[in-house]
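Worksheet: the structure to be examined is printed underneath.
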Ligand code: MRU
């Protein structure tokens, strides 16, 4: 338990195997594609029953796709937001550049209002606006092209970030391990490979045998509908658990480590992630199981000092009162539906990033890694 990452040489071996595996082609549909200037999103609300790719035609549609979780997961909503912003200024290519920039900022604020907790969305939108502002001398037509390139770059960079998280985290997963995850921080939540799942895919590609336990993740079942779907489709050994089974399974000694993703890491290492994550972290501490969080730099928010300042999205009561099409609570029931919780940094064994595994004290290791 609590084993450190393997050496550089091990990473190199894994890298080679990963490249070979990628050459065989991924079995998963792409979460996000940008083809001939148009955005295509895999509608994750229909998984695992149907695989539907939906062409986006307006910024309003992209706002809605983010809001209703057709596209979800912190890195994925950042990428979708960057592409979605293009729709907001596509028709502004013949106006003066200052007008273009004003509209760009308004549209970025609009898209940012779709979901508050994952910092990747505001990070990507801010990056797009800053890119345009740094090229004020260009015409609006040229600015639009610069923004297309920036959105593609954000998307491409995410692929590299996920790959590096996989390489850095895979040596933690040993032969015969049981690895528990919560929600979906998988390929579906990113450009590819995922964050929490990247070490799993990478270790699997390197021939390590281990079992993944996926919490179903009430109320929207991202673990049941998405994580178990993508891991099963990719040939990993995955077992689905109801959320309330984790303590029992841990008590039986079946879990050797936990890896989850995150929507925002505060400067002190407090970590916001899908509701229920904090409970898993507390359980892991009780049973002496290492609890890792995996994320790219785009999820680290050095401007938010602690988890207390992270805005937690509160969603509709309907999500809690219904299970699929079936009503499961009395009409008029009072409901709380916070979509995320914040795990205090003291429960986090390490943060697996693209540059390595950060350890406590996180205010120091994060500041060193992501100086502002
Ligand atoms: O509400 P969701 O499905 O967007 O929540 C997703 C999560 O909580 C993920 O764990 C997090 O965004 C990390 S994704 C790599």
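What follows draws every value from the coordinates through simple rules; no lab data is involved. Since the structure is predicted, the reported quantities are computational estimates derived from the model, not experimental observations. As a convention, Cβ positions derive from the backbone with ideal geometry for all residues, glycine included, and neighbour counts pool all protein chains shown.
Mean silhouette area of region 172-320, derived from the convex hull of its C-alpha atoms and averaged over all directions, reads 9.0 nm². When the Gaussian network model of the chain links Cα atoms closer than 10 Å, the mean-square fluctuations of 224, 360, 151 top out at 360. Helices in the chain, meaning DSSP H runs of at least 4 residues, each add -39500 (n - 2.57). Divided by all residues, the mean residue ellipticity at 222 nm is -12000 deg cm²/dmol. Over all directions, the projected convex hull of the C-alpha atoms in region 301-365 averages 6.8 nm² in area. Our summary of shape: the Cα atoms of region 84-158 have principal axis extents of 34, 24, 19 Å, ordered from largest down, in whole angstrom. Entry note: region 42-99 has Rg to Rh equal to 1.09, where both radii use alpha-carbon atoms and Rh is the Kirkwood radius.
Across region 167-249, the volume of the C-alpha convex hull divided among the residues equals 80 Å³ per residue. In this rough spin-label picture, where each label sits 7 Å from Cα along the Cβ direction, the residue 328-residue 233 distance is 2.4 nm.
Assuming a ≥ b ≥ c are the square roots of the Cα gyration tensor eigenvalues, decide whether region 240-336 counts as rounded (a/c under 1.5), prolate (otherwise, with a/b larger than b/c) or oblate. Don't skip to the end; give the middle numbers.
Working: a/c = 2.50, a/b = 1.18, b/c = 2.11.
Since a/c reaches 1.5 but b/c is at least a/b, the shape of region 240-336 is classed as oblate.
For the options 280, 320, 238, a Gaussian network treatment of the chain with springs between C-alpha atoms closer than 10 Å singles out 320 as fluctuating the most. Counting every pair of alpha carbons in the chain, the share spaced more than 29 Å apart comes to 40 percent.
Rounded to the nearest 10 degrees, what's the angle between the helix 97-112 long axis and the longest principal axis of the chain, both from Cα atoms, 0 to 90? Orientation of helix 97-112: about 30 degrees from the principal axis.
Which of 121, 161, 27 moves most in a GNM of the chain, Cα contacts under 10 Å? Of 121, 161, 27, the Gaussian network model singles out 27 as fluctuating most. Between residue 139 and residue 367, the simple spin-label model (points 7 angstrom out along Cα→Cβ) gives 4.9 nm.
Distance between the C-alpha centres of region 310-371 and region 222-250: 18 Å, rounded to the whole angstrom. Of the beta bridges in region 270-372, as assigned by DSSP with both residues counted there, near 75 percent are antiparallel. Tilt of helix 74-89 relative to the longest C-alpha principal axis of the chain, in degrees (0 to 90, nearest 10)? Once rounded, the angle reads 10 degrees. The length gained by stretching the chain between residue 336 and residue 309 to full extension, at 0.36 nm per residue less their Cα-Cα distance, is 7.8 nm.
Remark: spin-label model distance residue 113-residue 146 equals 2.7 nm, labels positioned 7 Å along the Cα→Cβ axis.
Taking the C-alpha atoms only, the angle from helix 8-23 to the longest principal axis of the chain is near 60 degrees.
Its relative contact order, with pairs defined as Cα atoms under 8 Å and 6+ residues apart, puts the chain at 17 percent. As a rough footprinting exposure proxy, the listed residues 292, 370 were ranked by other beta carbons within 10 Å of their own, and the order from fewest upward is 370, 292.
In whole percents, the pair-distance distribution calculated for region 65-218 from its alpha-carbon pairs, binned every 10 Å from zero, is 11, 34, 27, 16, 9, 3, 0. Between region 24-100 and region 131-177, what is the C-alpha centre distance in whole Å? Using only Cα atoms to place each centre, the spacing works out to 15 Å.
For residue 282 and residue 67 in one chain, what is 0.36 nm times their gap in residues minus the Cα-Cα distance, to one decimal in nm?
Going from the current span to full extension adds 74.4 nm.
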